[in-house]
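None of the figures in this text is laboratory data; all of them are computed from the coordinates on show. Not measured: the values here are computed from a predicted model. Heads up, the Cβs are rebuilt from the backbone with ideal geometry, glycines too, and the neighbour counts pull from every protein chain shown.
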Amino acid sequence: MMAAEIVRLVTFVAGYLIVFFSIIPLIRSDYWLIRIFDYPRSQKFWINALILGFFLFFARFDHTHDVIFIVVLFVNQVYLLTLIWDYTPLASRQMKKNPEENSDTVKIFIANVLQDNRNSGLCNGLIKQYKPDIILLVETDEQWRDEVESCLDGYSYRVLQPQANTYGMLLFSKLEILKHSLRFLVEPDVPSISADLKTKQGKIFRLYCLHPKPPVPGESENSTERDAEILIVGKEAKALKQPVIVAGDLNDVAWSFTTNLFLKVSELLDPRIGRGFYSTYHANYKLLRWPLDHVFCSSHFYLRQLKRLPSIDSDHFPIFIEVSLMPYEVDENVENKKEADSKEHELAEEKIEEA
């Protein structure tokens, strides 16, 4: 076989494989081997583009199969673009920026620290630099609790659940925590936090902190429990009719079916929509990154700033967000909320019941 024919064959195989990997997530199965393909959609977009561009150089347009192959790759390119479009700067921003300087702001620092990472100094350094009002750390054991606590000053309000199973959670706040609940919504060894906090100007908002298990071998064979925990909080957020923030490592990407369903059920806003991916995982592999760490806000909040922070020697980058809480729902935000239809509400209920 001539070299040119080998190149053509390899290109065909690679092209059909990337198409196959692109449509696998359409299967509505919670099995990890299906759900894992939700994650690298931006990578699939660029790989598909490279294969398509490369093939166009030596395609034989008088061959029916070559034309079909080009059409298939082009359709897949458009499909993948629609999946990640909202998280490009070309899309319309869902959460508006605050034009007022003297507003009631809340600053939040969120980090999956990696339990086995013992370089707490990098994390503590960023906290001192950005001076957040609220700190949420996950994958925290007792050593992490002790090392962070010893470096904090002014964080009088705390909800601490250190655990040795990589699902420990630490919440520190300068803002008053009026009440809180440490909950195990779906699994007995996976905590979450619900807390009502008061801003500097006396406004009250609800904060949900999450870190469900990912659908990977060794953690959970299915995404059922993860999806249910996210959707339970989504339903609660919608029912509250008050300012809400949901934050944490959700072990799900921003563009997945489940996260999109969560946004519809909760009617919360994603500040990344129209701004970028803000990919937080994997910190050590630049070409294999996707957004796993999230902050969602109700339409009572304007965005002031959103940053992915430098490495803390974890496999996740931290996230820093500053928002302004208004005494009313912002009309521009309300207009951009996603809403679930009756079938989507039924699907969310089915997932919760199944878990």
Assuming a ≥ b ≥ c are the square roots of the Cα gyration tensor eigenvalues, decide whether the chain counts as rounded (a/c under 1.5), prolate (otherwise, with a/b larger than b/c) or oblate. prolate
Who wins for biggest fluctuation among LEU137, LEU175, LEU90 in a Gaussian network model of the chain, springs between alpha carbons below 10 Å? LEU90
So if a site counts as exposed when it's one of the trypsin sites (Lys or Arg not before Pro), its DSSP state isn't H, G, I, E or B, and it has at most 10 other Cβ atoms within 10 Å, what's the longest stretch of the chain without one? 61-240
Ordered by number, the chymotrypsin sites (Phe, Trp or Tyr not before Pro) in the stretch 182-241 that occupy a DSSP loop and have at most 15 other Cβ atoms within 10 Å are PHE184
Fewest-first ordering of ASP293, ASP86 by Cβ atoms within 10 Å yields ASP86, ASP293
Can you tell me how much longer the chain between GLU350 and ILE23 gets when fully stretched, taken as 0.36 nm per residue apart minus their C-alpha distance, in nm with one decimal? 115.4 nm
Name the helices (complete DSSP H segments) of the chain with a Cα length along the long axis of 15 Å or more and a Kyte-Doolittle mean of at least 0.0, or state none. 3-23, 41-56, 64-84, 120-130
Once the piece of chain linking ARG158 and VAL71 is laid out straight, how much longer is it, given 0.36 nm per residue of separation minus the C-alpha distance between them? 25.7 nm
Let a ≥ b ≥ c be the square roots of the eigenvalues of the Cα gyration tensor of the stretch 3-87; is it rounded (a/c under 1.5), or, if not, prolate (a/b larger than b/c) or oblate? prolate
Out of the stretch 43-72, which chymotrypsin sites (Phe, Trp or Tyr not before Pro) are coil in DSSP terms and have no more than 10 other C-beta atoms within 10 Å? PHE57, PHE61
Take SER156, SER342 and order them by how many other Cβ atoms sit within 10 Å, fewest up front. SER342, SER156
Contour excess over end-to-end distance, with Cα ends at LYS241 and GLU221 and 0.36 nm allotted per residue: 3.7 nm
FRET efficiency for ALA3 and LYS131 from the Cβ-Cβ distance with R0 = 56 Å, rounded to 0.05, comes out at 0.40
Considering only DSSP beta bridges where both residues belong to the chain, give the percentage that are antiparallel (nearest 5). 80
Residues in the stretch 287-301 that a label on VAL334 would reach, taking backbone N under 15 Å of a point 7 Å out along Cα→Cβ: 298-301
For the chain, built as a Gaussian network whose Cα springs stay under 10 Å, the top-fluctuating residue of THR64, THR224, THR11: THR64
Could you name the lysines whose alpha carbon sits less than 21 Å from that of LYS337, not counting residues in the same chain fewer than 8 places away? LYS96, LYS97, LYS235, LYS238, LYS241, LYS264
Which of the GluC sites (Glu not before Pro) across the stretch 262-351 are loop residues per DSSP, with 16 or fewer other Cβ within 10 Å? GLU329, GLU339
Exposure proxy check: LEU122, LEU182 ranked by fewest other beta carbons within 10 Å? LEU182, LEU122
Overall form of the stretch 128-263 per C-alpha gyration tensor (a/c, 1.5; a/b vs b/c): oblate
